[in-house]
Amino acid sequence: AQSVAQPEDQVNVAEGNPLTVKCTYSVSGNPYLFWYVQYPNRGLQFLLKYITGDNLVKGSYGFEAEFNKSQTSFHLKKPSALVSDSALYFCAVRDMINDYKLSFGAGTTVTVRA
Amino acid sequence: SAVISQKPSRDICQRGTSLTIQCQVDSQVTMMFWYRQQPGQSLTLIATANQGSEATYESGFVIDKFPISRPNLTFSTLTVSNMSPEDSSIYLCSASPGLTNNEQFFGPGTRLTVL
């Protein structure tokens, strides 16, 4: 069975500084990886995905993620964080063999201070 | 992408009653899912809503408690039956347009409080 781990419950950065949210995964077969963001009292919004191809994936709102097969990681990054990036971030992996279900990490709360 | 709406957006219910949550997608989708999310927590999959057949439930969730309907490719309902305060949560509908390398899109959620 596939799974993802987000080792940090919280990440705090100053506005303008780089932001990294960590994610590691465990799958049998090729990983299909996703990042979602959830703002307070809102549903989940899709940020980006890795299916195949370039290891650096670019997504919405200036976010990108780097797929590293040897380290089984898919860290989310943003070169210059904004206060409006403060939200709850989820990494997820999809089972493309059995049932196409998403498995989510525990989530990381990002706080960007002005 | 798919735009998903849910009704109601929130509700406060009495113990022992039932609530039906509606999920509408703006286009035909292959798969629909229902999740539960405790505030500030991760998402737990309740079931996969199958068009024209019974839903597929995850471990710990049963049809009698969470009956699901999916009459067509754009609509699904989740009923939370015989509610207790432990059912207070956010319920999210999700849809995936296709089977391969497509992301899931999520509705805004229904915030349920059971007194």
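Per-residue answers, yes or no, for (1) within 14 Å of residue B:40 (Cα to Cα); (2) among the charged types (D, E, K, R); (3) facing chain B (nearest Cβ under 8 Å):
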{"site": "A:74", "(1), (2), (3)": "no, no, no"}
{"site": "A:79", "(1), (2), (3)": "no, no, no"}
{"site": "A:83", "(1), (2), (3)": "no, no, no"}
{"site": "A:86", "(1), (2), (3)": "yes, no, no"}
{"site": "A:92", "(1), (2), (3)": "no, no, no"}
{"site": "A:95", "(1), (2), (3)": "no, yes, no"}
{"site": "A:104", "(1), (2), (3)": "yes, no, yes"}
{"site": "A:109", "(1), (2), (3)": "yes, no, yes"}
{"site": "A:113", "(1), (2), (3)": "no, yes, no"}
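Kindly establish whether residue B:41 is assigned to a loop (DSSP other than H, G, I, E, B) and touching a Leu at 6+ places or on another chain (Cβ under 6 Å).
Values: assigned to a loop (DSSP other than H, G, I, E, B): yes; touching a Leu at 6+ places or on another chain (Cβ under 6 Å): no.
Answer is no for this residue.
Residues in segment B:56-99 that are assigned to a strand (DSSP E or B) and closer than 14 Å to residue B:46 by Cβ: how many? Can you show your working first?
Pass one, segment B:56-99, residues assigned to a strand (DSSP E or B): B:56-57, B:68-72, B:75-80, B:89-96.
Filter again for closer than 14 Å to residue B:46 by Cβ, leaving B:56-57, B:68-70, B:76-80, B:89-94.
Residues meeting the conditions: 16.
What single numbered condition from (1) under 21 Å from residue A:80 (Cβ atoms); (2) buried (at least 17 other Cβ atoms within 10 Å of the Cβ) fails to hold for residue A:44?
(1)
Taking the criterion of being open to solvent by 90 Å² or more (accessible area, probe 1.4 Å), modelled with pLDDT under 95 and either out of contact with any Lys or Arg (no Cβ under 7 Å at 6 or more places or on another chain) or farther than 25 Å from residue B:90 by Cα (or both), would at least one residue in segment A:20-35 satisfy it?
yes
Kindly provide the set of residues from segment B:38-50 that are touching a residue at least 24 places away in the same chain (Cβ under 8 Å) and either surrounded by fewer than 21 Cβ atoms within 10 Å (Cβ to Cβ) or facing chain A (nearest Cβ under 7 Å) (or both), ordered by number.
Residues satisfying the conditions are B:38, B:39, B:43.
Considering only segment B:73-115, state which residues are open to solvent by 10 Å² or more (accessible area, probe 1.4 Å) and within 12 Å of chain A (Cβ to nearest Cβ).
Residues satisfying the conditions are B:90, B:97, B:98, B:99, B:100, B:101, B:102, B:103, B:105, B:106, B:108, B:111.
Of everything in segment B:5-37 that's in a strand (DSSP E or B) and aliphatic (A, V, I, L, M), which residue is farthest from the other protein chains (Cβ to nearest Cβ)? It would help to see each step written out before you state the result.
At the first step, the residues of segment B:5-37 found to be in a strand (DSSP E or B) are B:5-7, B:10-13, B:19-25, B:31-37.
Going one step further and asking which of them are aliphatic (A, V, I, L, M), we end up with B:12, B:19, B:21, B:25, B:31-32.
Values: B:12: 15, B:19: 18, B:21: 13, B:25: 13, B:31: 6, B:32: 11 Å.
Step by step, filter segment B:5-37, then rank; the result is B:19.
Read through the list (1) under 21 Å from residue B:104 (Cα atoms); (2) modelled with pLDDT of 95 or more; (3) buried (at least 19 other Cβ atoms within 10 Å of the Cβ), then give the number of the only condition that residue A:75 fails.
Every listed condition holds for residue A:75 apart from (3).
So residue A:69 ticks every box in (1) surrounded by 14 or more Cβ atoms within 10 Å (Cβ to Cβ); (2) more than 11 Å from chain B (Cβ to nearest Cβ) but one. Which box is left unticked?
(1)
Does residue B:70 qualify as being of a type in the set (Lys, Arg), under 30 Å from residue A:108 (Cβ atoms) and open to solvent by 10 Å² or more (accessible area, probe 1.4 Å)? It would help to see each step written out before you state the result.
On the way: of a type in the set (Lys, Arg): yes; under 30 Å from residue A:108 (Cβ atoms): no; open to solvent by 10 Å² or more (accessible area, probe 1.4 Å): yes.
It is false that residue B:70 is of a type in the set (Lys, Arg), under 30 Å from residue A:108 (Cβ atoms) and open to solvent by 10 Å² or more (accessible area, probe 1.4 Å).
Would you please name the residue that is least open to solvent (accessible area, probe 1.4 Å), looking only at residues in segment A:1-19 that are within 17 Å of residue A:69 (Cα to Cα) and not β-branched (Val, Ile, Thr)?
Residue satisfying both the conditions and the ranking: A:6.
Which one of the conditions (1) open to solvent by 40 Å² or more (accessible area, probe 1.4 Å); (2) touching a Ser or Thr at 6+ places or on another chain (Cβ under 7 Å); (3) among the small types (Gly, Ala, Ser) does residue A:80 fail to meet, given that it meets all the rest?
Unmet for residue A:80, out of (1) open to solvent by 40 Å² or more (accessible area, probe 1.4 Å); (2) touching a Ser or Thr at 6+ places or on another chain (Cβ under 7 Å); (3) among the small types (Gly, Ala, Ser): (2).
The values are calculated or read from the model by the stated rules, or taken from the named source; none is laboratory data. Since we're looking at a predicted model, the values are computed, not measured. All Cβ positions, even for glycine, are placed from backbone atoms using ideal geometry, and neighbour counts span all protein chains on display. Side chains included, ligands, DNA and RNA excluded: accessible areas come from the protein's heavy atoms. Shrake-Rupley method; radii C 1.70, N 1.55, O 1.52, S 1.80 Å.
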